[in-house]
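In what follows, a structure is listed as C-alpha cells, so that the remarks can point back to it.
Rule-based calculations on the coordinates, nothing more; no lab input. Keep in mind it's a predicted model, so treat the numbers as computed, not measured. FYI the Cβ positions are ideal-geometry reconstructions off the backbone, even for glycines, and counts take in every protein chain you see.
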Amino acid sequence: MSVMNRLKKTFSGQVGENVDADILDSLKQDHEDVAEMLEKLVESTSAAERNSLLTSIKTALVPHLRAEEKVVYEAVLALKGKEQQTHDEEGYIDHGLGDKMLLSLGKMSNPLSPEFSAGAKVIKELVEHHVEEEEKNIWSDVEDNFSDEQRVAMNRKFLAAKKRVKIPA
C-alpha cells in the first residue's frame, strides 16, 4: 500500500489506530508518516502531486498537532516543572509556526514556484527540528512521569481527539 493510501486510511480512522498502544508509539508513527510526505513534497516536480501532498500533509498534521497539544502537552504542563513548561512552550511555538507555513503554502497559486519550493523546504526543516526536540524532551517528560497504563490512556484520548479536529480549508 502506498504511503498516500496508508495515510488516508490511517487518518480516516480505518487502520493504524491501535488504541492499546503507548502514546509515544502513535506519535512516532505520525512523525514518520509526515516526514515521508514532506520529503516527497520537497522533491516533487509535479504541481498536481505537490497540491495533493500539501492536502495530505495538512490532513495528517493539523489533527496530530491539536490532539498532541490537548493530550500530551497539557499533561506535561500539569507537571509544573520549569523545564517541562519550557519544553511545552517550545512545542506550542513550533506548532504555531507549522500552522503558519501550511497556511502560507496553501495560499500560493503556483506550487512549482521558487517561493513554494522554499516554503516546502522550510516547513520540512521546521518539522524535522521540532520532532527531534520533542522526541528528546517532551517524550522524556512523558516516559519519566507517566506509567505504561497512563500512556495507553493518553493514546486513547489522543486518537479520539484527532478525530474531532476540523481541518481548516
Residue match in region 130-142 (condition: over 20 Å from Glu32 (Cβ atoms) and not aliphatic (A, V, I, L, M)): yes
Of the criteria (1) without any contact (Cβ under 8 Å) to a residue 40 or more places away in the chain; (2) outside any loop (DSSP other than H, G, I, E, B); (3) of a type in the set (D, E, K, R), which one Arg156 fails: (1)
